[in-house]
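Colleague: One structure follows; several queries about it will come next.
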């Protein structure tokens, strides 16, 4: 397989890593539940390896073992109202 090189900033690398990881999660856990889905286990395995390589590159460039952690804002969880029923379904 031919290799290519690209230049990205640290922010772009972190974004690419996050997006790749999210897509991999979708292909592994969500898409198989869709009618007619035909997955490729080899592609999922290749994706996992790629995410690990991207995270490794981010750690190497930053010098921090924690840099590849998600940069997303914390999610807000629905709290139960007084009746104990969630506000939204």
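Values quoted throughout were computed directly from the atomic coordinates according to the rules given, and no laboratory measurement underlies them. The structure presented is a predicted model; accordingly, all values stated were derived computationally and were not measured. As a convention, Cβ positions derive from the backbone with ideal geometry for all residues, glycine included, and neighbour counts pool all protein chains shown.
Colleague: Tell me yes or no: at least one residue of the range 9-24 is assigned to a loop (DSSP other than H, G, I, E, B) and surrounded by fewer than 13 Cβ atoms within 10 Å (Cβ to Cβ).
Modeller: The answer is yes; a qualifying residue exists.
Colleague: If a residue must be surrounded by 10 or more Cβ atoms within 10 Å (Cβ to Cβ) and in a helix (DSSP H, G or I), how many such residues does the range 30-48 contain?
Modeller: Residues meeting the conditions: 9.
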